[in-house]
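The block underneath contains the structure these notes are about, expressed in structure tokens.
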Amino acid sequence: MTASLPAAPAAAAAASAPTHSLRRIGEKWWTGYLFILPHFIVFAFMILIPFIYSIWISLSDYTFGGNEQFIGLGNYANLANPDDFHFGLFWNGLWNTIIFVLISTPMLVIAGLFLAITVNGKYRGRNVFRAIYFAPWTLGIAVVGLLWWWIFNGSFGLLTNFLSSWGIASPEWLTTQPWAWFSIFLATLWWTVGFNTVILLAGLQGISADLYEAATVDGANRWQQFRFITVPSLRPVLLLVITLQIIASFNLVGQPQIMTGGGPGNETRSVLQYVYETGFTNGGQYQLGQAAAMAIVVALIIVVVSVINFRLFRTDEA
């Protein structure tokens, strides 16, 4: 009995010992930071420093040729001034982008979930179908844009010629509405749905089969299993997919730029397409300061929308 008494003070001393004393022998406080240092260097040079510099550019009258004069919030004020040249074009492009986000995000998430459930089954050749769905995502936007421009071209496009062979007059897919948006949506669906499918497929494979077996024993049909097991279990993954899809849809540039040129009129011109034209084409007179201000506004909108999305869909586990 007396031999066990000193153990109590020893346990109390161990519990009150500072955290740093629990490190392994020879380990320094900065050891963990060394592991993230390579990534932080790449992040700083590729994202952080350019972002900070773009904020400075947005506060100046910056153009090619070395002209750089600090003007404060002048570029941002132009976007709120209805009499300014950029006002109507910028907000029209932003509205077009919002339309694209509102339509493409549910479409791509639902299609990705359907394909993930389809290729998650056990049957021969399923890996081939997974590769087929994912393969378009590996292509560059220039390839995708030119491919679908050739398919939907109103004069010699593949779809136009196919319909003509059946005596069907095809609409001007890329120069009239709503066909211009339809063409962009279809090209985007074909190009990007594979990415969502792969992420959702990984989430499906993380759901225990015991849950479905228990539900089957209790008499639940496939729809009830999907509603009460699949969707709740995938909620953290769906949150990720929806957020990434919203961000990707806000970055719409290549499809309308290559396929429709932003037409008819400006009806498919995205906000980032107009940002590019303002900063890097002679039509915009290389107004990099104004273009940077537009890009910062769009970035802030994306952050706000992403935060709202997390607030709406997050769970304690997400």
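The values are calculated or read from the model by the stated rules, or taken from the named source; none is laboratory data. All values reported here derive from a predicted model rather than from experimental measurement. When we count neighbours, we look across all protein chains shown, and the Cβ atoms used for this are built from the backbone with ideal geometry, even at glycine. Accessible surface is based on the protein model in full, side chains and every heavy atom, while ligands, DNA and RNA are left aside. Shrake-Rupley method; radii C 1.70, N 1.55, O 1.52, S 1.80 Å.
Out of the helices (runs of 4 or more DSSP H) lying entirely within the range 167-229, which hold 2 or more residues that are open to solvent by less than 20 Å² (accessible area, probe 1.4 Å) and over 17 Å from LEU115 (Cα atoms)? Full working, then the answer.
Working: elements: 179-205, 209-217, 222-225.
So the answer is 179-205.
So ALA291 clears everything in (1) open to solvent by less than 30 Å² (accessible area, probe 1.4 Å); (2) part of a helix (DSSP H, G or I); (3) within 20 Å of LEU102 (Cβ to Cβ); (4) of a type in the set (A, V, I, L, M) except one condition, right? Which one?
Going through the list (1) open to solvent by less than 30 Å² (accessible area, probe 1.4 Å); (2) part of a helix (DSSP H, G or I); (3) within 20 Å of LEU102 (Cβ to Cβ); (4) of a type in the set (A, V, I, L, M), ALA291 breaks only (3).
Report those helices (runs of 4 or more DSSP H) wholly inside the range 73-158 carrying at least 1 residues which are open to solvent by 60 Å² or more (accessible area, probe 1.4 Å) and in contact (Cβ under 8 Å) with a residue 60 or more places away in the chain.
Those helices (runs of 4 or more DSSP H) span 85-119, 126-134, 141-152.
Here are some residues: TRP56, TRP91. Which one is within 17 Å of MET294 (Cβ to Cβ) and under 22 Å from the mean Cα position of the chain (by Cα)?
Working: TRP56 fails: under 22 Å from the mean Cα position of the chain (by Cα).
Going through TRP56, TRP91 in turn, the sole match is TRP91.
Could you check the range 60-105 and list, in sequence order, the residues that are farther than 28 Å from SER249 by Cα, touching a Phe, Trp or Tyr at 6+ places or on another chain (Cβ under 9 Å) and of a type in the set (A, V, I, L, M, F, W, C)?
PHE64, PHE70
Identify, please: which residue in the range 265-288 is at pLDDT 90 or above and part of a loop (DSSP other than H, G, I, E, B) and is, among those, most open to solvent (accessible area, probe 1.4 Å)?
GLU267
Name every residue in the range 34-60 that is within 26 Å of GLN285 (Cβ to Cβ) and open to solvent by 80 Å² or more (accessible area, probe 1.4 Å), in order of residue number.
First, pick out the residues of the range 34-60 that are within 26 Å of GLN285 (Cβ to Cβ): 50-60.
Result: PHE51, ILE52, TYR53, TRP56.
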